[in-house]
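The values are calculated or read from the model by the stated rules, or taken from the named source; none is laboratory data. For clarity, every value in this text was computed on a predicted model and none was experimentally measured. Don't worry about glycine lacking a Cβ; one is built from the backbone with ideal geometry, like all the others, and counts go over all protein chains shown.
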Amino acid sequence: MAESVAIQNASERPLHGVLAEFDDVDSISAAAREVRDAGYTRFDVYSPFPIHGIERHMGLRPTKLPWIVLVCGLSGTSLALFFQWWTNAVDYPFKISGKPLFGIPANIPVTFEFTVLLSAFAAFFGMLILNRLPEHHRPVFESSRFRRATDDGFFLAIEADDPQFDAAKTRALLQKLSRHPVELCHDSGQSAAMPVWIRSALVAVGALALLPLAAVVWARASDTTRPPIHIVQDMDSQQRFRAQVANQVFADGRAMRPDPAGTVAWGELRTDATLASGKRGDAFLETFPVPVTDAVIARGRERFAVYCTPCHGQSGYGDGLVALRAAELQEQNWVQPSSLHDPLVRARPVGQIFDTIRNGVRTMPAYGRQMSVEDSWAITAYVRALQRSQNATIDDVPAAERAKLGVQ
Amino acid sequence: MTANPTSALHLDEPYARPILVDGDRDLASVTRRVCGVVEAPKPPRAWYIAITITSAMTVMLFAMVAYLIVTGVGVWGNNSPAFWGWDIVNFVFWVGIAHAGTLISAILFLLRQKWRTSINRAAEAMTLFAVCCAGLYPSIHVGRVWLAYWLFPLPNQMQMWPNFRSPLLWDVFAVSTYATVSLLFWYMGLVPDLATLRDRATTKLRKGLYGFFALGWCGSARHWQRYERAYLILAALATPLVLSVHSVVSFDFAVSQVPGWHTTIFPPYFVAGAIFSGFGMVVTTMVPARELFGLKELVTLKHLENMNKVILATGSMVGLAYATEFFIAWYGGNPYERFVFLNRALGPYWWAYWLMVFCNVVAPQFLWFKKIRTSLWAMFVISIFVNIGMWLERFVIVVTSLTRDYLPTSWGYFKPTAVDVCTFAGTFGLFLTLFLLFCRFLPMVAIAEVKTVLPAAHPHGGHGTKEGAHHG
């Protein structure tokens, strides 16, 4: 038979141990107790399922796996808490509706999940490492009967490096316990460790897996003048000519095209240049080019409230809510809006105030695109009224109205 | 090797061990029966028909996902005011189904419900496949899929970190931890059975592949000792984990301020619903699978009946939660809450609400009758109702609240598109394809674990020593 040939050939190799087969849980448990009581320590029981209580029959000590899991689990807890505190409260303070930057309750879910994750890794990989798995080969696999250890066979092997081991005596002891012929097990010459090609393949895959990470680290640590690699473009960089850049397509080399001669852009038709610019020639208008009526001032007041009060304030002192907020935050780049009652501003001709509204000044944006020429003049009229109201004397009040104020 | 099961009466178990496996109950026959499915030269004809259909559906899923990525989320029905639509409905639906596997493997393990051994492997596999389907949705609904890594706290050129106080980030951690731990748990359970397949392999390819994944398992008692301890620890870890995952999913809703979502009942209500839907799906798949692969003696009618009892219990809990929500909406005195619940029952989605109540609350009540509980056709039909009902529950929660919240000016009516429907159908294709491949290539029943509940696994203390009598 092939089996006996295999055993004969094997006998030239060093002895690994003695292997005995048993029929059921009872007989193997009894055999394990006998072997333990005979003083053997380097022996193992093989079974297709965990046998309840076998570790006591074999005299095994409890595994230290739970302690490994505990340590890893606690590391997970503290690591997760520390990381959440450091990222959201220190490195990148996350301000959300005035809530505290770090608080235990909101950070518990992630802490819990991470604790479980690390504990599960510890339980699984700890089990593998303590069991020295994956294991490529074990001399007991040489026995053809041993295949049944994962089906319905129960085996007990005493290893040759046990201090009590004596080929003849040990064999006799097992033969006394087992109904089946006891088998000598020889080292096959195969190593328990992974074959070199598997190990090198794993190392190669591991090294390749690190390559992208290494590329990222290298890219972050090095300087370059080339534009960044954009794998997915989104709408970040578009193929188009921007304003003020050169374009060889046109004879004048400008990308921004001037209006063709004899055309007017939509909304740009100005029949009255003085009305539209607030200037006659280069000089600002001193008087309104439109009739100033109650309706115009009322319109100006309403538009002023929409466009001007956020910065200049209801009364025009430059104390709008935006300005107050900027002052409170001590914004470095904030330019304080002018008070409309500053003598300098009061001295300006109406054309210049109109021009400022239309085209902006310093950090004040141009509102010309957002409102009509007529509305700009209405606001200018209201600004004038406001200026006069904040610097008024009793002479400005019509005699008939003075009684209402209680003054003469 | 075969022993009389009634002789297994012990001091620490003052009752006879229940018979959990029918028919020929020796060790070798369990191995033969389970491995036979994997080792058969050809699977049943029905398997070929089924996998042809499901893989076509899977291809459709990939096509839909590709279309979505290339075009944008606008191909779905999500639009103002319902920015969450079928994507989130289906995500919660699949995550819920994923809960049965870990519940069966971990919680029933800790509760020493030995009947779980015949069904836990298949249920855990379903967990993994359902998590695959679930995880797909949040990653594609972000729109710019290539930026989905922003979900994870990775150092980046923007020098920003994600907000750890957001339920959406909790969700990322909960679902990814759950997927990882479920995979470890499932794979660890598989290792001894892969070794069995390796040792029975007749071709070099099978021996090599099963041998690679069996990690050199040899059934050593020293290995089993640490293995069992690791399994117990994983079960103890997975138990709170499984409860936390659907709680965190419910936080996605409960931590917001949308009426109908902002309620404290959500975590327990979601967990009960998840177990309910998961067991529904296990029954739906196991009833045909055990017929198809001849595993009726391992997955017995008793197992199915026990699962039906769980469905009945959790279905009643879900019904209680519906009633409680209505009570609190009235008792809480918040007019928006009151409106939302009246709107659910009587508003434009009344059909979804009452269908949900019928499927989830009324249909499982038939399981009070033993005759229905043990009838394969009846339980199959009821489990289908449960699946439909639990999908509708998520639809009702997501859509009714979003389409009619505080401002009547921004009310709307959600309509799914064909892409929504095809994507959802495709996830069933993916789930079933993976399940069919699993049935064909991996042991569907935990061989080593089933052996531990056979009479042959229990020492009878008949060898005259004191020790033997104590630990039966």
Could you tell me which residue of segment A:41-98 is farthest from the chain's Cα centre (by Cα), considering only residues that are of a type in the set (Gly, Ala, Ser) and surrounded by 20 or more Cβ atoms within 10 Å (Cβ to Cβ)? A:Ser47
Taking segment A:118-141 as the region of interest, how many residues are under 23 Å from A:Gln190 (Cβ atoms), in contact with a helix residue (DSSP H, G or I) (Cβ under 6 Å, 6 or more places away or on another chain) and buried (at least 22 other Cβ atoms within 10 Å of the Cβ)? 2
Those residues that are farther than 23 Å from B:Ala100 by Cβ and either part of a helix (DSSP H, G or I) or hydroxyl-bearing (Ser, Thr, Tyr) (or both), I need them from segment B:193-205; list them, please. B:Leu194, B:Ala195, B:Thr196, B:Leu197, B:Arg198, B:Asp199, B:Arg200, B:Thr202, B:Thr203, B:Lys204, B:Leu205
If you scan segment A:91-147, which residues turn out to be of a type in the set (Ser, Thr, Tyr), in a helix (DSSP H, G or I) and facing chain B (nearest Cβ under 7 Å)? A:Ser119
In segment A:12-55, what count of residues is obtained for those that are closer than 19 Å to A:Glu159 by Cβ, facing chain B (nearest Cβ under 7 Å) and not charged (D, E, K, R)? 4
Filter segment A:263-303 for residues that are part of a helix (DSSP H, G or I), out of contact with any Asp or Glu (no Cβ under 8 Å at 6 or more places or on another chain) and polar (S, T, N, Q) and give the result. A:Thr274
Any residue in segment B:243-260 that is within 30 Å of B:Lys114 (Cα to Cα) and within 8 Å of another protein chain (Cβ to nearest Cβ)? yes
Among the residues that make up segment B:157-178, is at least one of them away from chain A (no Cβ under 12 Å) and outside any helix (DSSP H, G or I)? no
Suppose we keep only residues that are in a helix (DSSP H, G or I) and acidic (Asp, Glu) within segment A:332-387. Which one would you say is surrounded by the fewest Cβ atoms within 10 Å (Cβ to Cβ)? A:Glu374
If the Cβ limit is 6 Å and pairs must be 6+ apart or interchain, which residue in segment A:107-135 that is farther than 17 Å from A:Leu65 by Cβ pairs with which residue that is part of a loop (DSSP other than H, G, I, E, B) and of a type outside the set (Phe, Trp, Tyr)? A:Pro134/B:Leu215; A:Pro134/B:Gly216; A:Glu135/A:Ala192; A:Glu135/B:Gly216
Among the residues that make up segment A:64-82, is at least one of them assigned to a loop (DSSP other than H, G, I, E, B) and farther than 30 Å from B:Phe152 by Cβ? yes
Meets criteria (more than 10 Å from chain B (Cβ to nearest Cβ), modelled with pLDDT of 90 or more and within 28 Å of A:Ser144 (Cα to Cα)) for A:Phe82: no
Among the candidates A:Ala201, A:Ala255, A:Ala215, residue that is surrounded by 10 or more Cβ atoms within 10 Å (Cβ to Cβ) and within 30 Å of B:Val70 (Cα to Cα): A:Ala215
Hey, any hits in segment B:260-281 for a residue that's assigned to a helix (DSSP H, G or I), within 20 Å of A:Leu133 (Cβ to Cβ) and either touching a strand residue (DSSP E or B) at 6+ places or on another chain (Cβ under 8 Å) or β-branched (Val, Ile, Thr) (or both)? no
